[in-house]
1. Of everything in the range 247-265, what is closer than 17 Å to VAL278 by Cα and surrounded by fewer than 17 Cβ atoms within 10 Å (Cβ to Cβ)? Give them in sequence order.
2. In the range 85-96, is there at least one residue being surrounded by fewer than 22 Cβ atoms within 10 Å (Cβ to Cβ), in a strand (DSSP E or B) and in contact with a strand residue (DSSP E or B) (Cβ under 6 Å, 6 or more places away or on another chain)?
3. Across the range 150-172, which residue is farthest from the chain's Cα centre (by Cα) among those that are in a loop (DSSP other than H, G, I, E, B) and in contact (Cβ under 8 Å) with a residue 60 or more places away in the chain?
4. Looking at THR130, THR147, can you tell me which residue is hydroxyl-bearing (Ser, Thr, Tyr) and more than 18 Å from the chain's Cα centre (by Cα)?
5. Being within 15 Å of PRO88 (Cα to Cα) and touching a residue at least 40 places away in the same chain (Cβ under 8 Å) is the filter here; which residues of the range 246-270 pass it?
6. When ALA244 is evaluated against the numbered criteria (1) part of a strand (DSSP E or B); (2) surrounded by 14 or more Cβ atoms within 10 Å (Cβ to Cβ), which criterion, by number, is the only one it fails?
7. Among the residues of the range 260-279, count how many are part of a loop (DSSP other than H, G, I, E, B), under 20 Å from the mean Cα position of the chain (by Cα), of a type outside the set (Gly, Ala, Ser) and farther than 26 Å from PRO194 by Cβ.
8. Would you mind stating whether ALA114 is surrounded by 24 or more Cβ atoms within 10 Å (Cβ to Cβ), farther than 26 Å from ARG22 by Cα and either at pLDDT below 95 or not hydroxyl-bearing (Ser, Thr, Tyr) (or both)?
Amino acid sequence: MNETSGCCGPSKKSATAQDDVRQGVRDAYASVAKANDAGKAEGNGASCCGVTDDSAIATLISTRLGYSETDLISVPKGADMGLGCGNPKAIAALEPGEVVVDLGSGGGFDAFLAAAEVGTTGRVIGVDMTPEMITKARANAAAGKYTQVEFRLGEIEHLPIADQTADVILSNCVINLSPDKGQVFREAFRVLKPGGRLAISDVVATAELPEEMRNDPKLIAGCMGNAAPIEEIEGYLKDAGFDAIRIAPKDESREFIRDWAPGRGVEDYVLSATIEAVRPQ
């Protein structure tokens, strides 16, 4: 499948337009990282591009996404910013000794949870394009003494990771932000070992998004405006070479997506979904 418009997806953007999207997203998440460091709220605290200064609300957001309270207290303070749309670790079936790559690792929350699963014989590499998030994640790793976790600055379309490094790739509500999703999945395929697997939580389009939503920078940075339809994502995965593709939308996510953009009706167009696939042996 090429990257022209599908039933619901935007047409392929020019290189300049893609960079504009990335910079807008980078700026939004830099603000989130700075606000979180300062203990302040930023944007809509209920959304995937906002943080709250109310710890009770933050806990509610994360448990609603599928994390346990044990998960929340097991990581350094500030690692969980409630920025996801699910819990990819829940579908990853991680094993001790595995190598995990986390795309769009933010403050390191999912990377640290993965580290507990793979143990000291395993390894976790987080990649994020926002310098402020990388700085935050590295400080959190030092605070938590996670010797098997590292964070690298880079774009998920151009991963700073060698071929066939990872057993598992995780990502939580990040691939929807990319203006070139096909390239993200090609890179994921390159970085996975034969037999390696994807375990992703993301936002997908279930109906054609109106132009005003697709072009709204706040909805794009908020994980809604740039969502691709399920059949388009399947096409990207197949074209990249993946097998055993499974994309499962979660209708119950409609409730928290409604809170991301109150009064906009975005929940009628997008849902959170799990995305799983395997690189053939």
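The values are calculated or read from the model by the stated rules, or taken from the named source; none is laboratory data. This one's a predicted model, so the numbers in the text were calculated from it and none came from an experiment. Note that each Cβ is placed from the backbone with ideal geometry, even for glycine, and that neighbours are counted across all protein chains shown.
1. ALA248
2. No: the range 85-96 contains no residue that is surrounded by fewer than 22 Cβ atoms within 10 Å (Cβ to Cβ), in a strand (DSSP E or B) and in contact with a strand residue (DSSP E or B) (Cβ under 6 Å, 6 or more places away or on another chain).
3. THR165
4. Sole residue among the options that is hydroxyl-bearing (Ser, Thr, Tyr) and more than 18 Å from the chain's Cα centre (by Cα): THR147.
5. The answer is ILE247, PRO249, LYS250, SER253.
6. (2)
7. Qualifying residue count, the range 260-279: 1.
8. So ALA114 fits the description; yes.
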